[in-house]
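Taken together, the values in this text are just the output of simple stated rules run on the coordinates, not laboratory data. Please read all numbers here as calculations on a predicted model, not as lab measurements. All Cβ positions, even for glycine, are placed from backbone atoms using ideal geometry, and neighbour counts span all protein chains on display.
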């Protein structure tokens, strides 16, 4: 692993740790798939007590987040591996839109 | 050489190292390492003891024995503990190997990084697994790996790590958080591979 790559991981990991669950979902959805999986696997290792758990189901491109408030959110990814929508009990489905360069433009709440 | 002279000499070396003389560290280590190893062995050999002594206790004991504490500033004390933490790691790894502990095979090694390493007479595969994971991690993240070494093997407090590594308290907390997540992930991969 290059120092540059580790620095990317480090910055994103701390940003994810220091955000709310909603901010984190947007942050991870904006991140390229390989880096995102790296961050998710680090966050998953912390899954004890009040820390969020990330369950990875690679086959279905689905990540389930079990949050501090015992809410369950699920992410459905599109074919490019980006987060396309998030389903949670409190605010329904959050859909992510991407521009032609595959960058997140807006999450919209229906 | 009397204890007094030795203590004055060691205190002097600690001060020289702290004010930027790298050669002083080597000479200091030559005096501290055998003492720490002897004390650790003595404890680990004694089967009648409860065998749950934390490495922190030993680090403090060797500090009190070898250093003239009235002449040392708290930053220098933190530097001493940092050096001793590195030594404790080596002593524990060597002892685990000598007792015939092996890294792989059998049930999963349990490492609780939130506790401080303990001196035990039992073979300990988790020490070897952690040592290996920490060495690999130090190749890509030397500062973060150092934070783990100081905290886990030497029992340094956050303030002592701040002083020893000259980084901010926030950096210490973030480094520890990331390092722990990283190492637990690496160790759980190791378990998957070995089973």
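State, as an integer percentage, the relative contact order of the stretch B:115-162 based on alpha-carbon contacts under 8 Å between residues 6 or more apart.
Once normalised by length, the contact order is 46 percent.
Give, in nm to one decimal, the length gained when the segment between residue A:21 and residue A:5 is fully stretched (0.36 nm per residue of separation minus the Cα-Cα distance).
3.3 nm
How many partner chain Cβ atoms sit within 10 Å of a residue's Cβ in peptide B:169-181, on average, as a whole number?
3
Explain nothing, just the number: relative contact order of chain B, from Cα pairs under 8 Å at least 6 residues apart, as a whole percent.
Relative contact order here is 24 percent.
Count, for each residue of A:17-23, the Cβ atoms from other chains sitting within 10 Å of its Cβ, then give me the mean as a whole number.
Taking the mean over all residues of the peptide, I get 1.
Could you rank the peptides B:95-101, B:150-156 by their average count of other C-beta atoms within 10 Å per residue, with the highest value first?
The densest-packed peptide leads the list: B:150-156, B:95-101.
Give me a single rounded figure for B:137-148: the average over its residues of other chain Cβ atoms within 10 Å of their Cβ.
2
Hey, can you rank B:72-81, B:34-43, B:175-184 by average C-beta count inside 10 Å, highest first?
Final packing ranking: B:175-184, B:72-81, B:34-43.
So how tilted is helix B:55-66 from the main axis of chain B? Cα-based, degrees 0 to 90, rounded to 10.
20
For an R0 of 25 angstrom, estimate the FRET efficiency from the Cβ-Cβ distance between residue A:34 and residue B:171 and round to the nearest 0.05.
0.40
Figure the gain on full extension for residue B:90 and residue B:159 (residue separation times 0.36 nm, minus the Cα-Cα span) and round it to one decimal in nm.
Length difference between fully extended and current span is 22.5 nm.
For residue B:60 and residue B:189, calculate 0.36 nm times their separation in residues minus their Cα-Cα distance, and state this gained length in nm to one decimal.
43.0 nm
Using a 7 Å offset from the Cα along the Cα-to-Cβ direction at both residue B:27 and residue B:138, what is the distance between the two label points in nm, to one decimal?
It is 2.5 nm.
When B:25, B:14 are ordered from fewest to most other Cβ atoms inside 10 Å of their Cβ, what list results?
B:25, B:14
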